[in-house]
Amino acid sequence: EAEVAQSPRYKITEKSQAVAFWCDPISGHATLYWYRQILGQGPELLVQFQDESVVDDSQLPKDRFSAERLKGVDSTLKIQPAELGDSAMYLCASSLFRTYNSPLHFGNGTRLTVT
Amino acid sequence: GNSVTQMEGPVTLSEEAFLTINCTYTATGYPSLFWYVQYPGEGLQLLLKATKADDKGSNKGFEATYRKETTSFHLEKGSVQVSDSAVYFCALSDQDGNNRLAFGKGNQVVVIP
């Protein structure tokens with residue numbers, strides 16, 4: 001079964017440094033999501049793409065976070081500068097359609113630790 | 001806004017016991033409801049879903065029924081196995097066209113042999 005690929009699996013960085021995560025969705029999936037999961041909490045949506053366009057980034061801290069999906073396929077999420085409170089699991093997901101009952105397929109995530 | 005509430009605390013039970021995890025939601029309109037499972041070190045996997053009132057989702061022995069009158073979607077399994085140990089998340093997706101999922105906080109389930 002096709003999977004959502006994410007890298008790296010783990011990242012340790014010092015505060016004030018820049019960090020980037022990469023995601024490759026399932027082939028053909030037009031919709032891509034980045035979620036943040038703080039330990040002990042459910043995932044929260046950071047940004048959603050439809051092809052190469054952002055359709056929702058209302059919860060993305062835009063002063064330090066940026067996301068792009070230039071060719072409408074893979075995506076990069078960047079944090080600059082990283083803060084201690086950014087330590088979390090960053091999950092990428094994709095779905096075939098943008099409609100409300102199109103299942104999301106999640107990658108294994110990138111666990112970020114900011115020291 | 002839309003939200004999902006799951007019962008507090010981890011759930012520890014013995015193998016072959018009956019499992020129930022409570023989930024209630026607040027939403028406008030008629031959301032779709034989901035249960036996702038997260039095994040250690042992995043991403044979330046869709047366990048089951050229901051898209052309208054009175055629908056029952058089922059998979060791998062797990063079941064949940066969409067109860068509009070009580071705004072609930074409780075997860076049940078009649079006889080758990082050690083391999084069911086994981087974190088379970090209830091989620092909803094509203095019908096605003098963006099397929100945005102709102103998750104509950106999750107429940108850690110530990111099944112003891």
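The values are calculated or read from the model by the stated rules, or taken from the named source; none is laboratory data. Being a predicted model, the structure only gives us computed values, none of them experimental. Cβ atoms come from the backbone with ideal geometry, glycine included; neighbour counts cover every protein chain shown. When the accessible area is computed, the model is the full protein with side chains, heavy atoms only, and any ligands, DNA or RNA have been set aside. Shrake-Rupley method; radii C 1.70, N 1.55, O 1.52, S 1.80 Å.
Some values worked out for this structure:
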| item | result |
| --- | --- |
| Residue in the stretch A:95-115 that is nearest to the other protein chains (Cβ to nearest Cβ), counting only those that are farther than 12 Å from residue A:34 by Cα and among the aromatic types (Phe, Trp, Tyr) | A:100 |
| Flag for residue B:28 being open to solvent by 10 Å² or more (accessible area, probe 1.4 Å), of a type outside the set (A, V, I, L, M, F, W, C) and at pLDDT 95 or above | no |
| Matching residues in the stretch B:75-99 - criterion: being assigned to a loop (DSSP other than H, G, I, E, B) and touching a residue at least 12 places away in the same chain (Cβ under 8 Å) | B:78, B:79, B:80, B:81, B:85, B:94, B:95 |
| Wholly within the stretch B:1-74, strands (runs of 3 or more DSSP E) carrying at least 1 residues that are of a type in the set (A, V, I, L, M, F, W, C) and free of Cβ contacts under 8 Å to residues at least 60 places away in the same chain | B:32-38, B:44-50, B:62-65 |
| Extreme residue, nearest to the other protein chains (Cβ to nearest Cβ), among residues of the stretch B:55-99 that are of a type in the set (A, V, I, L, M) and open to solvent by less than 50 Å² (accessible area, probe 1.4 Å) | B:91 |
| Residue that is farthest from the chain's Cα centre (by Cα) [pool: residues in the stretch B:7-25 that are more than 13 Å from chain A (Cβ to nearest Cβ), under 21 Å from residue A:40 (Cα atoms) and open to solvent by 30 Å² or more (accessible area, probe 1.4 Å)] | B:12 |
| Residue that is of a type in the set (A, V, I, L, M, F, W, C) and touching a Phe, Trp or Tyr at 6+ places or on another chain (Cβ under 8 Å), where the choices are A:39, A:46 | A:46 |
| Evaluation of residue B:50 against (1) touching a helix residue (DSSP H, G or I) at 6+ places or on another chain (Cβ under 8 Å); (2) open to solvent by less than 20 Å² (accessible area, probe 1.4 Å) (one fails), failing number | (1) |
| One residue from A:63, A:74, A:86, A:51 being open to solvent by less than 50 Å² (accessible area, probe 1.4 Å), acidic (Asp, Glu), more than 12 Å from chain B (Cβ to nearest Cβ) and over 10 Å from the mean Cα position of the chain (by Cα) | A:86 |
| Test for residue B:102: is it under 10 Å from the mean Cα position of the chain (by Cα), at the interface with another protein chain (Cβ under 10 Å from one of its Cβ atoms), assigned to a strand (DSSP E or B) and within 30 Å of residue A:54 (Cβ to Cβ) | no |
